[in-house]
Amino acid sequence: MPTDPQQFRDLTAEQANIVTRNQGIKAGLGPGTIRGRVRRGRWQRLERGVYATFTGGSARDGVLWAALLRAGPGAVFSHQTAAELHGLLDRPAPVIHLTVPADRHPARWSKIPGVVIHRSTLLYRTRHPVMSPPCTRMEDTVLDLIEAATSFDEAYDWICRAVGRRRTTADRIRRAMNARRRFRWRRDIELALGDASAGALSFLELRYVRGAERPHALPVATRQAHVRQGTGTRYLDNLYEGYLVCVELDGTAAHPGDEQWADKRRDRWNLVRGKIVTLRLGFLDLRDQATQCEAAADVAILLRDRGPAVGHPCARGACPVP
């Protein structure tokens, strides 16, 4: 059996053994060789002009390469699919997202099943310079997902994922956003990025900072404060160090039993050995402006009991903060 040209072997190794007809010919295979391998079942036709150079099912990387090659030159993975490649998603999204240059004609992609095609005039700048398969940069992936989000909470979640998983920083996202002339929620995202860089990495933390702490002139807490407990280090959501008060934010209505006990042990250690009083707030405590004011009132009273008077009512009428 003749050996395939080295150029072709290098190509298939890079592309999860997925190639186009044109690529195969340019890499040294004749059109007849390609037709023969497909006819004998050694190759599989996945998309129009796109082949798997093996039998059996395709792994995820093969499915992605087939969609990318079908979309043609200049296409890159973006949105949820780029998030998958960057490690922001724990499982693949149900559809594949690709972005192509805005001057490419979209008609030929309308029949690719399971694929969403986006067009962009910024792709020359937002494409990652070295990643394979090609996709948008981490920061621009986050920004694309923010623009496609159906709510601000969903948009902020992408910031939380990217910064919280240490895939990028709030400053890098901000610089990428500043390079875009138009951007949805720009002002709110700028504020959110400032909060994220200070450690507010969840919807609940953002609501606490922007709904309770800031508008009621409470002191600025240390986010994700490191506290040594016994043999290990623990992280406290919001620590008011001068007052020895911690505000912990529980993101679910009920934790599993072992997590509840872990929280209780941590609170007990904080109080007995660290002299830190813990106040726990959940979604119901911060779900809207009224409950955020009530939470701020509780925090203000607790802080005043342990230090200088702080806080004042916000602009909302009937705010309960004393």
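Just so you know, all these numbers are worked out from the coordinates, no wet-lab data involved. The structure presented is a predicted model; accordingly, all values stated were derived computationally and were not measured. Here the Cβ positions follow ideal geometry from the backbone for every residue, glycine too, while neighbour counts run over all protein chains shown.
Side notes on the structure shown:
- R0 of 51 Å, Cβ-Cβ distance Asp153-Phe54: FRET efficiency to nearest 0.05: 0.75
- For q = 0.09, 0.18, 0.19 Å⁻¹, Debye-computed log10 I/I(0) when each Cα of the stretch 72-197 counts as one equal scatterer: -0.24, -0.96, -1.06
- Ordered by the count of other Cβ atoms within 10 Å of each Cβ, fewest first, Ile18, Ile276, Ile159 give Ile276, Ile159, Ile18.
- Distance distribution note for the stretch 6-58: the fraction of Cα pairs above 15 angstrom is 38%.
- The charge dipole of the chain, taken about its Cα centre with unit charges on the Cβ of Lys, Arg, Asp and Glu (plus for the first two, minus for the last two), comes to roughly 1580 debye.
- Length-normalised contact order of the stretch 134-178 in % [C-alpha pairs under 8 Å, at least 6 apart]: 44 percent
- Across all directions, the shadow cast by the convex hull of the chain built on its C-alpha atoms averages 22.4 square nanometres.
- Mean separation of Cα contacts under 8 Å (6+ apart) over length of the chain, as relative contact order %: 9 percent
- In this Cβ point-charge picture (+1 for Lys and Arg, -1 for Asp and Glu), the stretch 72-197 has a dipole of about 480 debye about its Cα centre.
- Whole-Å distance, taken between Cα centres, linking the stretch 203-220 and the stretch 24-61: 58 Å
- Structural descriptor for the stretch 72-197: relative contact order 22 percent, calculated from alpha carbon pairs under 8 angstrom and at least 6 residues apart.
- Distance (nanometres) between label positions extended 7 Å along Cα→Cβ at Val130 and Arg40: 4.0 nm
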